[in-house]
Amino acid sequence: MARPTHCACTSVLVGKAASVDGSTMIARTEDHHDACAPKRFTVVPARMHRKERFVSANNGFACELDGRGLRYTSTPEGDTGEGLYEEAGINEAGVAMSATESTYANDRVLAFDPLVEDGLAEDALVTVVLPFVESAREGVERIAAIVEAHGSAEGNSVLLADADEVWYMELATGHHWVAQRVPDDAYAVCANRISIQEVDFASPDFKWSEGIREFVAEHHLNPDPGTFDFRRIFGTYSQQDLHYNAPRVWYGQRYLTPAVEQQPEDLDLPFIRRANRLIDVDDVAWVLGSHYNATPFDPLGTDGDERTRTRYRSIALSRTQEGHVLQLRPGLPAERAGVHWVALATTAFSPFVPFFANASTVHPVWEKAGVRPESDSAYWLYRTLSMLAETRYAMFAKPVEDYLSACRRKARAFVERTDRETAALSGEELTAALTEANRAFMDEMLVDARSMAQDLVMQSAEDSQLSYEMDANL
């Protein structure tokens, strides 16, 4: 089996009544072992599958794909030698999927239901699920059927949404899982731990693996038999959780619900939270780009000391390869509802660029991602910008924030303008118009990113340690 390469992520889910405009949103950073693991952004066309055998390049997982596969957006690896890892997308039926946030079960449950080496894994999840579902619930059910038939190779959490519902599904062991619908008026922040708590087996807002209650009872796994707390039964409470996982949830909740006092090393932070305000796309993007800003724990900050600034793993990392906010807007047909906001490379320094999901192609520079830096790749441009911004953070924090602020203003104006200009279109005409609009805006974003990178290079040159005071004639 190929070594796992995608080991960490942070997720945010927002119900429709919790968002400022009634959108549902699912969002995540995609983090990697390596600082440079290039990603492409693309559109996978619709196609008819006729009992085709899919085989994963990562672990040999195989399943049959049959029937019509819907068109969808995705962010696959630049090098697919160890699997596609498509990670996130919105399909033409208006279903969004993000997979996965790596999740870890405890030794007790894994002893009795170990992971399946050639079972369903992160590299294949989007590919074998998203093209074939027309609702978020259907996505949960398709994953469940595949896990029942083939097992799960990893602990993984999957985010699914349509215009009405947001679901979070946690694959804990080889065959056992729980999924919960996020309440319409709530949000969740998750970070590499099992998050779902009390399971209500009488509620339609929960789904679970067949036999899970009998499994837990047979092996005496429930420390509190009066309840069925999935996190307590299946999750971990480790030293790594204290420093690597829980603080990210704390910081996301601190930003969205600042009125509630919590501690960063609390391993029982609630899964479901209500915000102190309605949540916008920019709020979600800010969480994904954060690094304990304005706290003693910010590794790029000046508060605290060396110990506090390295105590916790932040949300945005140098190892972040892309971030996404998948937005499904209310009161619109599927061909208009979906906007895939994508930020390539480190989310602290890259703008989230809106892409209308009803498009046939992507700008070619965004689809190019070789294994080494190249001038005609959006991934490598944003990776370069991220590296420059971080190396002189104290000097560049303000100009980079000004750049990102300008990008946010442009993005909002682009979405509203494009909605207005395409209002009379539908069908193939709408798809063609949105494809062209996406491409033109991506071009504009590339121009801005190149200009920002050039500015940072020139300012870095002026700030060299090899500078020397010279008179006016030298």
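Nothing in this text is a laboratory measurement; each read-out follows from the coordinates by a stated rule. Note that the coordinates shown come from a computational prediction; the quantities given were computed from them, not determined experimentally. Neighbour counts run over all protein chains shown; Cβ positions are idealised from the backbone, glycine included.
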Query raised in the report: Let a ≥ b ≥ c be the square roots of the eigenvalues of the Cα gyration tensor of the stretch 289-360; is it rounded (a/c under 1.5), or, if not, prolate (a/b larger than b/c) or oblate?
Result: prolate
Query raised in the report: Whole-Hz Karplus ³J(HN,Hα) for the stretch 24-36, in order, using 6.51 cos²θ - 1.76 cosθ + 1.60 and θ = phi - 60°, x for Gly and Pro?
Result: 8, 9, 10, 8, 6, 8, 10, 10, 9, 4, 9, 5, 10
Query raised in the report: Straight-line reach from Lys398: which lysines have a Cα under 23 Å away, not including same-chain ones fewer than 8 places off?
Result: Lys410
Report task. With both partners inside the stretch 11-371, how many of the DSSP beta bridges are antiparallel, as a percent to the nearest 5? Result -> 95
Query - Residue exposure sequence - Cys9, Cys407 - by fewest surrounding Cβ within 10 Å - result: Cys407, Cys9
Query - Residue-by-residue Karplus 3J(HN,Hα) for the stretch 374-385, coefficients 6.51, -1.76, 1.60, Hz, glycine and proline x - result: 8, 6, 10, 10, 4, 4, 6, 5, 6, 5, 5, 4
Requested in this report: Could you tell me how many degrees, from 0 to 90 and to the nearest 10, lie between the Cα long axis of helix 427-462 and the main elongation axis, the longest principal axis, of the Cα atoms of the chain?
Outcome: 50
Query raised in the report: Is the shape of the stretch 171-280 rounded, prolate or oblate, going by the alpha carbon gyration tensor and its root eigenvalues a ≥ b ≥ c, with a/c under 1.5 for rounded and a/b larger than b/c for prolate?
Result: oblate
Requested in this report: For Lys39, go through the aspartates and glutamates and keep the ones whose alpha-carbon is under 12 Å away, minus same-chain ones fewer than eight residues off.
Outcome: Glu30, Asp31, Glu77, Asp79, Glu86, Glu87, Glu322, Glu367
Requested in this report: With label points built 7 Å along Cα→Cβ from the Cα atoms of Met458 and Asp164, find their separation and express it in nm.
Outcome: 5.5
Query - Cα centre as origin, Lys/Arg/Asp/Glu Cβ charges: the stretch 11-371 dipole, Debye - result: 680
Report summary line: Any residue on another chain or 5+ positions along whose placed amide H is under 5 Å from the amide H of Phe355 is listed here as His340, Trp341, Val342
Report task. Amide H neighbours of Arg28 under 5 Å, at least 5 residues apart or on other chains, H built in the peptide plane: list them. Result -> Val12, His324
Query - Computed E for Asp266/Glu401 - FRET, C-beta separation, R0 30 angstrom, nearest 0.05 - result: 0.50
Query raised in the report: Between Val55 and Glu306, what length comes free when the chain is fully extended (0.36 nm per residue of separation minus the Cα-Cα distance, one decimal in nm)?
Result: 85.7 nm
Report summary line: Per the rule of 0.36 nm per residue minus the C-alpha distance, extending Asp34 to Arg409 adds in nm 131.8 nm
Query raised in the report: Order of 270-283, 388-401 by packing, highest average Cβ count within 10 Å first?
Result: 270-283, 388-401
Query raised in the report: Tell me, in nm to one decimal, what length is gained between Asp184 and His243 on full extension, where the rule is 0.36 nm per residue of separation less the Cα-Cα distance?
Result: 18.2 nm
